[in-house]
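Have a look at the structure below, then the notes.
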Amino acid sequence: MLRKNTRYTEHTSLCNARFFSLFVYRNNIDDLPVCIVSIKQKNQDVGEEEEEKKQGGLQNEMVPDEEVERTTIGAYTEILGDDNSATEKGKKAQGDPSSLVKGVKKTTTRTEKRLEDFVYPDDKKGNKKKPTKKKEWRPDMSKLYKLMSAEDVESLDQLCDCENDDPNVAVWTNSSSSDTVALSDIIKLLDDGDVSNSVIDGFALVLENMQEALQKTRGNNVYFLSTCWTLIHSENPELKQFLLDKKLQHVFDNMERYGSDYYRFLVFPMNSLGNRPRVKNSNPYHWTILFYDVHEQQWKHYNSLRKRNGADPHLQDAITVKKYVEEFMRHRHGDKTKQPSFNLFSSPTTLFQSHDFNAPITSAQDAPQQFATTVDCGIIVCYIMGKLANHEPIPPSVSKDDVSEFRVHLEHVFLNDPPRSWSIADWNSREIQANLPD
């Protein structure tokens, strides 16, 4: 037990000592015993001086140990908190995870607390956005609307109305091959978009039909499918034979029947990978055009995205097509020469024969180039095809106006190629027949 005087001198000294020891622990002070003894001695000296000044004060009392302990604990708990909290704070200072975070992570269900009288933004009636319906395309929405004829605008308006009833309605259809040009293809044409192989192959067929109508015996062009490069790499021999070899055989037969002057250009629009590696499911991404000039007896390749320096990465794709065609003709020529009645290919002007079926190929340095950030490669391929059809020289450049006008020209071609083009009269007739009772 301690003796209690007026100021609880010894009691206070003990409290200060415990408080100071906790302070020393938190601040990593090494000489803890020395510090405690020093504070005790200091407090004892101060108590004795005060006791000498206050002679005659209150009589001393004996203070129980329990009260001393209780008072001591209360003193430093009030200032610093209990030992447990002090320990936890020490752990936090050392970087241990917070017990609060652990508690939240262990919680299996969490509920959001909200005020009853407060209207939160996500609870407001009508605040949720309704899904917006895509605006229906119309010809007057096109970037090239002002260049279109009034008749074409009217036809496209009618097509848009009919597409609401039949999403599969086609602008242009070739019944013999089931090739179609959809309304979506025309929309891309008129909105400066890219073109599909359907547009390129469809335009080639239109040019061939126009050529057949003239019934020329020389100077004709033959247009191969725009997937020719892909077909050569195809692992399906039957598909390759039907879509590529069959047409090459047709060319060979016509030359045998009419002579080598029957053709002027063999045209191969190509969609290929350039210098990108061929891997499974890789899709060609750029249109170029390769053609063989029978009169000049050489191959020419046009690329609208030529590099300023270095070799054209798509030229190798063109060489692949070239070699395949020449090898095909070599075999057919070899088979024919074995026949006693054969005399056609003795002429030096025979296709590829004068170069031993290895005619030279050049990459056109003056090929018209597309503008940056555009997807006009397919448009320029069709543009060159049109020039070859008319035996006109290919210009070294094209302007933005030239490209826009040619896009409208393609749209006009597909809308005005009877009987393959769509018409409102044919549509109404089919609708009437479809509604007739059986």
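Please grab the % of Cα pairs in the stretch 139-434 that end up more than 29 Å from each other.
Values: 17331 of 43660 pairs.
Value for the stretch 139-434 (Cα pairs over 29 Å): 40 percent.
Report the calculated FRET efficiency for residue 191 and residue 356 (r = Cβ-Cβ distance, R0 = 56 Å), to the nearest 0.05. Walk me through the numbers before you get to the answer.
Details: r = 48 Å, r/R0 = 0.87.
With R0 = 56 Å, the Cβ-Cβ based efficiency is 0.70.
Counting neighbouring Cβ atoms within 10 Å and putting the fewest first, the residues 328, 352, 203 line up as 328, 352, 203.
Remark on residue 272: its backbone amide H falls under 5 Å from those of 285, 286, 288, a criterion applied only to residues 5 or more positions apart or on other chains, H modelled at 1.01 Å from N. Extending 7 Å from the Cα toward the beta-carbon at both residue 279 and residue 364 defines two label points whose distance is 3.3 nm.
Residue 146 to residue 158: extension gain in nm, 0.36 nm per residue of separation minus the Cα-Cα distance? Please report the intermediate quantities before stating the final value.
Values: separation 12, 0.36 × 12 = 4.32 nm, distance 1.83 nm.
Result for the pair: 2.5 nm of gain on full extension.
In sequence order, the stretch 222-237 has phi-based couplings of 10, 10, 9, 4, 5, 9, 4, 5, 5, 5, 5, 8, 5, 8, 9, x Hz under the Karplus curve 6.51 cos²θ - 1.76 cosθ + 1.60, θ = phi - 60°, and Gly or Pro positions carry x.
Annotation: amide H-H contacts under 5 Å for residue 369 (H modelled 1.01 Å from N, sequence separation of 5 or more, or interchain): 398. The residues packed around residue 179, meaning those with a beta-carbon under 13 Å from its beta-carbon, carry a net charge of -3 if Lys and Arg are +1 and Asp and Glu are -1.
Of the peptides 207-216, 227-236, 260-269, the ranking by mean beta-carbon count within 10 Å, highest at the top, reads 260-269, 227-236, 207-216. Along Cα→Cβ, 7 Å out, is where each label goes; now give me the distance between the ones at residue 399 and residue 433 in nm to one decimal. With each label point 7 Å from Cα toward Cβ, the separation is 4.7 nm. Each residue of the stretch 397-409 was assigned a 3J(HN,Hα) from its phi angle through the Karplus curve 6.51 cos²θ - 1.76 cosθ + 1.60 (θ = phi - 60°); the sequence is 8, 9, 8, 4, 5, 4, 5, 4, 5, 6, 4, 5, 4 Hz, with glycine and proline shown as x. When the C-alpha to C-alpha distance is required to be over 22 Å, the pairs from 146/188; 246/323; 143/400; 188/400; 135/400 that qualify are 135/400. Amide H contacts under 5 Å for residue 361: 299, restricted to partners 5 or more places along the chain or on a different chain, H placed in the peptide plane at 1.01 Å from N.
Read-outs: derived from the displayed coordinates by stated rules, not from any lab. A quick note: this is a predicted structure, and the numbers were derived from the prediction, not measured. Using ideal geometry, Cβ is built from the backbone for each residue, glycine included, and neighbour counts are taken over all protein chains shown.
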